[in-house]
Structure formats: structure tokens, C-alpha cells
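Chemist: Sharing a structure, written as C-alpha cells. Questions coming.
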Amino acid sequence: MNDTLKLILQLMIPGLCLGCVYGLNGIGAALLYKGSHTINNAQGAVVGFGALLGYSLQNRGLGLISSTIIATIACFFVGVLLQVGVISQIEKKAPIYVVIATLALSIVITNANYLIVGSYTYDSAVILINVSKYLHIDSVNVDILWSNIVAIAVSFIAMVSVHFFLNKTKFGSAMRAAAMDPFAAESCGISVVKTRAVTWGIMSALGALGGCLTGPLFGVSAGIGIAAGAKGNTGAVLGGYGNMYGAIIGGMIIGIVETIFGYIYSPYQTAFTNALFLIFILLLPHGIMNEKAIEEG
Amino acid sequence: MGHMLELSDFHYYYGQIHAVKGISFYVDEGEIVTLIGANGAGKSTTLNSIAGLTRALGVKGRITYKGVDIAGKSGHNICKMGMMAVVEGRHVFPQLTVYENLRMGAYRRNDTKEVLKDIEEVFDFFPRLRERREQMGGTLSGGEQQMLAIGRALVNKPDLILLDEPSLGLAPIIVEDIFRKIKEINEVNGTTILLVEQNSNIALHTASRGYVLQNGEIVIEGKCEDLLNDPKVQHAYLGLT
Ligand SMILES: Nc1ncnc2c1ncn2[C@@H]1O[C@H](COP(=O)(O)OP(=O)(O)OP(=O)(O)O)[C@@H](O)[C@H]1O
Ligand SMILES: [Mg+2]
């Protein structure tokens, strides 16, 4: 009994931690899909950039908290710049071009990351002092990484903040309105250029936050975010594409399933997870939240 | 002081398609002016262009509002100048509640307390909306959506409202109701109104002046009582022979 509980705790907490990062990335994917009917393939590269930025700030002597905050805010503006400078111009033609353009953008940003840090993976312990600190739960004799707990808690706070921002503030409501009907939004005095820019800002900031929170666990390298960006998107589809809450749940599921498969047989961890995803989406194309993302005939 | 809204030699092009071919008209403060015409005459194109909701590239000519040339300006900036369009097909925000839709109508305003009062006023004006306050916009009936679209414009407190076919798809009783409200908005609030309609009869009975648009050109203009007695208008737009 105690052993089972111990195993579950040992798998669930890291799984949930990964899932939170996927969820953070999924939120952006969902918001973007809902508002612009497109996909950002550069998300993972921005996650990597944010994680590197957070790392290098710490390397320069800044504290963990302040460097994470600075990297997250900086990436908000990176997202805004990407939308205003590149995406909005391409989006005018057709949303599908954004899919292709962001693929190119992903390669450019990732290579810029390599240019800055090289192909070196920074040892985790160097980055975060508390990465090796454990919380010991006596009753079940389990050790849980403090970094995992912090990552889960901070992600949760970020998700709740986004929820309140979108539902309880005037600009957040305007973002939802513009996502539903940009034409009507403009007629109400809402600048759709601005709401889209902020969507990209939030998407990039959440990605960077996830990168900063979990980068230390895996070691920070130039391409660290690629998988997280892609899985965030997968989670968003799983949850019901375009639904932010579905994206969070979907991301968590992927994180946990992946961790369990990793425990069972790690070489096929990713293959198993994706196979499961395919089966799920064949059976339930509208995802967990039953979001009818695509007009069907 | 010139006209509140004035179009001079206004053209609109959808790529190669020349949809509006050099029309000129004006609206004075406090007036209700109507633009009538058959399907595809260019009414919506004109109205949306005034509100900055068409592609700026397609606009040629001058549109002045309150003395400023607004041709090709973006929609949200024009809205901030005190003009609000109730576009064709209602366009309420489907997954926002009735109340949230109204809040979005007041987006340009920062006097929250007054906005809340004005929303209550809209509810007094359209009691059906009050009953459906927390219902999603997309689940309202057509007539209720039209009320919401007009309500959304009212809480904006614009000086000029552009209305595109408020009668579209509504039962005659509701059409009469809506047009009574339109007149009331004009008389009580002093809001200027540009009304685009296919239902020429009710439009000409509501407005004071009218323009008849045909294939992108204005072919007849004048006081509404004169238009109602014009045999050409009677024949082509009022169904009288
Ligand atoms: N997006 C578009 N692309 C190409 N042509 C268009 C477009 N929108 C409208 N048109 C054309 O422009 C002309 C004017 O259309 P508009 O919608 O302004 O007419 P309308 O007078 O509002 O008609 P209705 O009473 O049916 O609403 C029509 O011939 C129409 O086919
Ligand atoms: Mg029309």
C-alpha cells in the first residue's frame, strides 16, 4: 500500500510539473488558434530563448526570482515584436502562411540561441541552487524535488492570472471579443492589432516562464524548448483546440502519461505518448472540452 | 461649420470590382438620413467604409467626419471619434454574455460608473435584454441580437450611429418596434443616424432625407416625403405601380 502510494507520488509530481509547462505553452496555442486560426511553430524556440535568458541573468548574479521575472517580461515583448513586425504582415494574406513562416522563424531563433550559448548544455546544479533540494514526506518516505513543487505552484498562479485577466479585465474581455469577431471588435473601438499583439506577448511570456521553471531540471541548452512548444500544442489539441482550459488539462495529461511511460520503458516514451494521442484524437476529435475548432461539413 | 459627415466622390474597389462609383452625400448633426437601394447596390460597402471596416486600399475619395478626413483610417480609431456602426448581420459576440457585449460597446469610454448606468438604460429600453443579461449573445434570437447590436451602439454614446439593415430577417411587429426605438434615440438623445435599408417604406417614413443608390451610384436624392411621392421610387422601391 505504502509502496504504491510512494510510486504514484514519485511519478505524479514530476509528471504534473512537465504537464504544467506543456499547459503553459498550450494556453498560448489555444488563444492563438481561437483568435487567428493559426499555429505558432516558433513557440518552442522562444521557450528556449527565455530559458537561456533566465539562465544568463542568473549567471550574472541575479537571483532566481528576479531573473525569471525579467526573462518572462522580456519574452512578452519578444512576442509582441514578432506579431507586429512579422506575423501581422503575413497574416493579412492568409492565416495558413503563419504556420510556414513560424517554422522558419523557429529555426532562425533556435540558431540565434546556439550562436549565443553554443551547443553546450549547462549543468543544472550550476543554475539553480535548490535543484537538488528535496522535500521529504515522512509518512510515505518519499522525496519530492522542491523545483518540481515550485514549478507547479508558479505555473498554477500564472494560469489563474491569465484566467482572471481574460475574464475580469476590460482588455481581457476585449481580447476574447476580438478573437470571436474581429470585425465587430473594430466597430466597438477595440484595436485588433493590439489584442493580437498581446496574445503573442502572453503566449511567449508563458512559454519563457515554463522554460525558466524547468530548464534547471534538464539543463539549459539552445534547443531546450522545442519539445515543450510542440507538446503544448499537442496538449491543446487533446483538450479541444482553441479552448484554453482544455489546453491546460491536455498538457497535464501528456506530462503525466509521458512520465509514466518513461518509468515503464523509457526508450519508447515519446512514441507511446504520441500513439496514445493519435488514438484519442481519432475517437474524440473535439477533445476533452468538446471544442468544435474547425467547421465541419 | 460644415456637415457632420460628408462623402465626396467616394469610390470603393474590391480588387478589380468597382463597387461604389463616385458618390457624394452628407449628413447634418441631429438628422436621420437614409440610404436605400436594391441588393448589391453598394450600401453596406459605403457604410462599412465610413466606419473604417473595409480594406483601406479599396477606398478612393474623401470622407470627412467632424471636419477630419477619415478615409482609410482604421475602425477602432474612427469609433473613438464618436461614431459607431451597427453592421449588417448583427455581429454580436457569440460567446460573451449580453452584459459583456454591452460592456464591449462602451469600450472606448473610461467613465465606468456612467457606463453601468447607461447599460441599465439600455435594459429599460429593451427589457428583453435585461431578462437575458447572463445569456450568451450567440444563443439569442435574431430580433434579440438586433436589439443587442443596437444596445451595444447606444452604450457607446456616439454622436453618429450607422445602422445597416436593422430590419433584416425580423418579423414586421419587431421591425416597427425597432424603428420606433431608432426614432426615439434620435429625438431623445439627439443622436445623428445614417440608416441603410432595403425596407424602403419604413426607412423613408423614419428618416428626414434620403438617397437612392443603384449599382454604386446615387440616382435620386431628396426629402423623404418627396421620395415617397416620386413615381420612380414608388415603382422600383416601394412596390407600387
Ligand atoms: N468582399 C467582397 N469582394 C468582392 N465583391 C464584393 C465584396 N463585398 C461586396 N462585393 C460586391 O460589391 C457590391 C456591393 O455590395 P454591398 O454589400 O455593398 O451591397 P448592399 O447594397 O449592401 O446589398 P444588400 O442589400 O444585399 O446587403 C456587390 O456587387 C457585391 O457583390
Ligand atoms: Mg448590405
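Chemist: Distance cut-off 32 Å, Cα to Cα: go down the list A:LYS194/A:LYS292; A:LYS292/B:LYS60; B:LYS43/B:LYS117 and report the pairs above it. Write down the numbers at each step before the final one.
Modeler: Numbers: A:LYS194/A:LYS292 26 Å; A:LYS292/B:LYS60 40 Å; B:LYS43/B:LYS117 34 Å.
In this structure, A:LYS292/B:LYS60; B:LYS43/B:LYS117 exceed 32 Å between Cα atoms.
Chemist: For B:LYS232, which lysines qualify as cross-link partners when the Cα separation must be under 18 Å and same-chain residues fewer than eight apart are set aside?
Modeler: Here the lysines satisfying the reach criterion relative to B:LYS232 are B:LYS223.
Chemist: Excluding same-chain residues fewer than 8 positions from B:LYS181, which aspartates and glutamates have a Cα within less than 14 Å of its Cα?
Modeler: B:GLU121, B:ASP124, B:GLU144
Chemist: Looking at region B:122-241 only, what percent of DSSP beta bridges run antiparallel? Nearest 5 please. Could the numbers behind the result be given before it?
Modeler: Details: 6 of 11 bridges.
Of those bridges, close to 55 percent are antiparallel.
Chemist: Out of the DSSP beta bridges found with both residues in region B:64-208, what percent are antiparallel (nearest 5)? Could you put the intermediate results ahead of the total?
Modeler: Values: 3 of 12 bridges.
For region B:64-208, the DSSP antiparallel bridge percentage is about 25.
Chemist: Would you mind computing Rg(Cα) / (2.2 N^0.38 Å) for chain B, counting N as its residues? If you can, show how the numbers build up before the last one.
Modeler: Numbers: Rg = 17.4 Å, N = 241, 2.2 N^0.38 = 17.7 Å.
Dividing the Cα radius of gyration by 2.2 N^0.38 Å gives 0.98.
Chemist: Just to be sure I follow the definition: excluding the sites themselves, where is the longest run in chain A that has none of the trypsin sites (Lys or Arg not before Pro) in a DSSP loop with at most 10 other Cβ atoms within 10 Å?
Modeler: On the way: sites that count: A:ARG60, A:LYS92, A:LYS93.
The reported range is A:94-297.
Chemist: Under a cut-off of 12 Å between alpha-carbon atoms, report the aspartates and glutamates in cross-link reach of B:LYS21, not counting same-chain residues fewer than 8 places apart.
Modeler: Result set, ordered by chain and number: B:ASP9, B:GLU217.
Chemist: If N is the number of residues in region A:167-280, what value comes out of its Cα radius of gyration divided by 2.2 N^0.38 Å? Let's see the in-between values first.
Modeler: Working: Rg = 17.4 Å, N = 114, 2.2 N^0.38 = 13.3 Å.
Normalised Cα radius of gyration, region A:167-280: 1.31.
Chemist: Count charges around A:THR38 for me, please; just the other residues with Cβ under 13 Å from its Cβ, Lys/Arg as +1, Asp/Glu as -1. All intermediate terms of the calculation are to be shown ahead of the outcome.
Modeler: Details: positive: A:LYS34, A:LYS92, A:LYS93, A:ARG196; negative: A:GLU91.
Neighbour charge sum, excluding A:THR38 itself: +3.
Chemist: Could you compute the net charge surrounding B:GLY137? Neighbours are other residues with a C-beta less than 10 Å from the C-beta of B:GLY137; K and R count +1, D and E count -1.
Modeler: Numbers: positive: B:ARG90, B:ARG132, B:ARG152; negative: A:ASP181, B:GLU100, B:GLU144.
My count for the surroundings of B:GLY137 gives 0.
Chemist: Scan chain B and note any complete DSSP helix (H) whose C-alpha atoms cover at least 15 Å along its axis and whose Kyte-Doolittle average is -1.0 or more. Can you show the working numbers first?
Modeler: Numbers: long enough: B:112-125 (19 Å, -0.26); B:142-155 (20 Å, 0.40); B:172-189 (25 Å, -0.07).
Within chain B the helices that satisfy the rule are B:112-125, B:142-155, B:172-189.
Chemist: I'd like the Karplus ³J(HN,Hα) series for region A:27-35: coefficients 6.51, -1.76, 1.60, θ = phi - 60°, whole numbers in Hz, and an x wherever there's a Gly or Pro.
Modeler: After applying 6.51 cos²θ - 1.76 cosθ + 1.60, I find 4, x, 4, 5, 4, 5, 5, 4, x Hz.
Chemist: Further question on the same structure: Rg over Rh of region B:112-159, using C-alpha atoms and the Kirkwood radius, what does it come to?
Modeler: Working: Rg = 10.5 Å, Rh = 10.9 Å.
Ratio of gyration radius to Kirkwood radius: 0.96.
Chemist: Angle check, please: helix A:170-180 long axis (alpha carbons) against the longest principal axis of chain A (alpha carbons), in degrees 0 to 90, nearest 10.
Modeler: Helix A:170-180 and the main axis of chain A meet at about 70 degrees.
Chemist: Enumerate the amide H contacts of B:ALA85 below 5 Å, restricted to partners 5 or more residues apart or on another chain; note that Pro and chain-start residues carry no placed amide H.
Modeler: Distant-sequence amide H within range of B:ALA85: B:LEU162.
Chemist: Let me ask something else about it. Output the pairs from A:LYS170/A:LYS231; A:LYS34/A:LYS92; B:LYS113/B:LYS157 with a Cα-Cα distance over 22 Å in this structure; if there are none, say none. Don't jump to the answer; show the numbers that get you there.
Modeler: Values: A:LYS170/A:LYS231 31 Å; A:LYS34/A:LYS92 16 Å; B:LYS113/B:LYS157 14 Å.
In this structure, A:LYS170/A:LYS231 lie more than 22 Å apart at Cα.
Chemist: At a threshold of 8 angstrom on Cα-Cα distance, excluding pairs fewer than six apart, so keeping six or more, what relative contact order does region A:145-203 reach in percent? Mind showing how you got there, number by number?
Modeler: Values: 24 pairs, mean separation 11.0, N = 59.
Dividing the mean separation by the residue count of region A:145-203 yields 19 percent.
Chemist: Looking at the protein assembly as shown, send over the antiparallel percent of its DSSP beta bridges, to the nearest 5. Intermediate values should be presented prior to the final figure.
Modeler: Numbers: 28 of 47 bridges.
If we restrict to bridges inside the protein assembly as shown, about 60 percent are antiparallel.
Chemist: Enumerate the calculated ³J(HN,Hα) couplings along region B:56-66 in order (Karplus 6.51 cos²θ - 1.76 cosθ + 1.60, θ = phi - 60°), each rounded to whole Hz, writing x wherever the residue is Gly or Pro.
Modeler: So the J values, rounded to whole Hz, are 4, 4, x, 8, 10, x, 10, 10, 10, 10, 6.
Chemist: Report, in degrees rounded to the nearest 10, the 0 to 90 angle that the Cα long axis of helix A:244-265 makes with the longest principal axis of chain A.
Modeler: 30 degrees
Only the coordinates and a few stated rules stand behind these numbers; no lab work does. This one's a predicted model, so the numbers in the text were calculated from it and none came from an experiment. Here Cβ is always computed from backbone atoms with ideal geometry, including for glycine, and neighbour counts include all displayed protein chains.
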